[in-house]
Amino acid sequence: MLFLSINLFGQVQNFRDIPNDILEHLDKMGVDNSPLLNCYESAYFNVIFEKSRKNFDFTDKRIGLITGSSGKTRSDKASYFKLEKDRFNRNYSPNGGTLYIFDAAQKEESGGYDVAIVYWSKFLISVKDVVKRLKGK
């Protein structure tokens, strides 16, 4: 019997629940700050958010990242995956985050992001505020 550790927002909570063929490519994730995900990052996020993403596929998508205790600090892939790699090496859980999948209007208003992840925030941020923070308002 397979047991997946999933948090309240549908995110995998244990690196053991991520296939080894994805984890063995952690060194190829977060190698640049382009919002466009590479194939390794896409595969990783597709597994991490498998329960909450429904039919959304991270492949060839642009991602916005926001962090901070109040969810007001813009982040980037290099910072996110540096933290993720460190957490993996220390046998901690993956970064805790909330997934926001944008519709066409939100994508345009955000500056072209398909999706956002708010991680390590103490607050649940509204999608409207996430879009504004990515746009820089």
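Of note:
- Candidate set: the stretch 8-35, residues that are among the acidic types (Asp, Glu) and at pLDDT 95 or above; chosen: the one nearest to GLY112 (Cα to Cα): ASP32
- If the condition is being within 18 Å of ARG87 (Cα to Cα) and open to solvent by less than 70 Å² (accessible area, probe 1.4 Å), then the stretch 23-44 contributes LEU23, HIS25, LEU26, MET29, GLY30, GLU41, TYR44.
- Residue match in the stretch 110-126 (condition: open to solvent by 60 Å² or more (accessible area, probe 1.4 Å) and either under 21 Å from TYR40 (Cα atoms) or of a type in the set (A, V, I, L, M) (or both)): yes
- Residues satisfying the stated conditions in the stretch 82-124, i.e. among the aromatic types (Phe, Trp, Tyr) and touching an Asp or Glu at 6+ places or on another chain (Cβ under 9 Å): TYR92, PHE102
- Those helices (runs of 4 or more DSSP H) of the stretch 23-127 in which 1 or more residues are within 20 Å of GLN13 (Cβ to Cβ) and under 11 Å from the mean Cα position of the chain (by Cα) occupy 39-48, 77-89.
- Members of the stretch 51-63 that are open to solvent by less than 80 Å² (accessible area, probe 1.4 Å) and not basic (Lys, Arg): SER52, PHE56, ASP57, PHE58, THR59, ILE63
- Among residues of the stretch 66-86, those that are within 15 Å of LEU26 (Cα to Cα), open to solvent by 30 Å² or more (accessible area, probe 1.4 Å) and in contact (Cβ under 8 Å) with a residue 40 or more places away in the chain, counted: 4
- Yes/no for ASN55 being free of Cβ contacts under 8 Å to residues at least 40 places away in the same chain, within 30 Å of ASP21 (Cα to Cα) and in contact with a Lys or Arg (Cβ under 8 Å, 6 or more places away or on another chain): no
- Residue pairs meeting the criteria (Cβ under 7 Å; at least 6 apart or on separate chains; first among the acidic types (Asp, Glu), in the stretch 100-121; second outside any loop (DSSP other than H, G, I, E, B) and open to solvent by 30 Å² or more (accessible area, probe 1.4 Å)): GLU109/LYS135; ASP114/ARG62; ASP114/LYS107
- Filter result for ILE48 (of a type in the set (Val, Ile, Thr), free of Cβ contacts under 8 Å to residues at least 60 places away in the same chain and crowded, with 21+ Cβ neighbours inside 10 Å): yes
- Pick from the stretch 10-22, criterion open to solvent by less than 20 Å² (accessible area, probe 1.4 Å) and among the β-branched types (Val, Ile, Thr), ranking: nearest to the chain's Cα centre (by Cα): VAL12
The values are calculated or read from the model by the stated rules, or taken from the named source; none is laboratory data. These numbers come from a predicted model, not from an experiment. All Cβ positions, glycine included, derive from the backbone under ideal geometry; neighbour counts span all protein chains shown. To get the accessible areas, we keep the full protein, side chains included, count just its heavy atoms, and leave off ligands, DNA and RNA. Shrake-Rupley method; radii C 1.70, N 1.55, O 1.52, S 1.80 Å.
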